[in-house]
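Report on the following structure.
Here, each number is a calculation from the coordinates, and none is a lab measurement. Remember, it's a predicted structure, so these values are computed and weren't measured experimentally. So basically every Cβ, Gly included, is an ideal-geometry build from the backbone, and we count neighbours across all protein chains shown.
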Amino acid sequence: MPPLDALEILKEAILLERHGKAFYQKVAEQASQKEVREFFQAMAAEEVKHLEVLGRQLKTLKASGKFSTDPAPAEAVFSAKVITPALVDQLEKAEFESAAVAAAMLMEKKAIELYRHRQEQAEDPAEKDLYRWLAEWEEGHLELLARLDKEIRQAIWSRMGFEPF
């Protein structure tokens, strides 16, 4: 039987990723601008990848009582190149989607905290590796969102005549 705390953490992680996916999908559905819609669709797709990895780990843990040592996908977070001038311009003019970037940053921070905390507590090397990998992936998302948030803020300030920043 797997340790209860490991199962509970995996279930919490799956719930966080499901919430993230639902959030990003909803923002994408409501976005009227192509670049914004595609950005949030890409973020939702990232959460699906996390869900797949976590789901496999949960299944393995329940069946064997151990974490899988299969490597997680080697895919890196998508590039900061997705932050195009068109995306920043469209987000700067779309208040809801712009606010969604800030909300997304909070979700990513919560996931990072959970994964880093569990990484520190875990004794199983495969479990530690899983949570290290997930935390790093989420940190990449957070960095991307923070950069986007900064660029949106600067665009708004420029439009409102708050320069220099």
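Length gain on complete extension for the stretch Asp70 to Ser32, per 0.36 nm per residue less the alpha carbon to alpha carbon distance?
Stretched out fully, the Asp70 to Ser32 stretch lengthens by 9.7 nm.
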(message) At 7 Å along Cα-to-Cβ for each site, give me the label-to-label distance between Ile156 and Ala42 in nm.
(response) 2.2 nm
(request) For the stretch 13-54, calculate the relative contact order in percent as a whole number, restricting contacts to Cα pairs under 8 Å that are 6 or more residues apart. (result) 50 percent
(request) Counting only C-alpha contacts under 8 Å and six or more residues apart, can you give the relative contact order of the stretch 4-159 as a whole percent? (result) 24 percent
(message) Can you tell me which of Glu17, Glu97, Glu120 moves the most in a GNM of the chain? Springs connect C-alpha atoms under 10 Å apart.
(response) Glu120
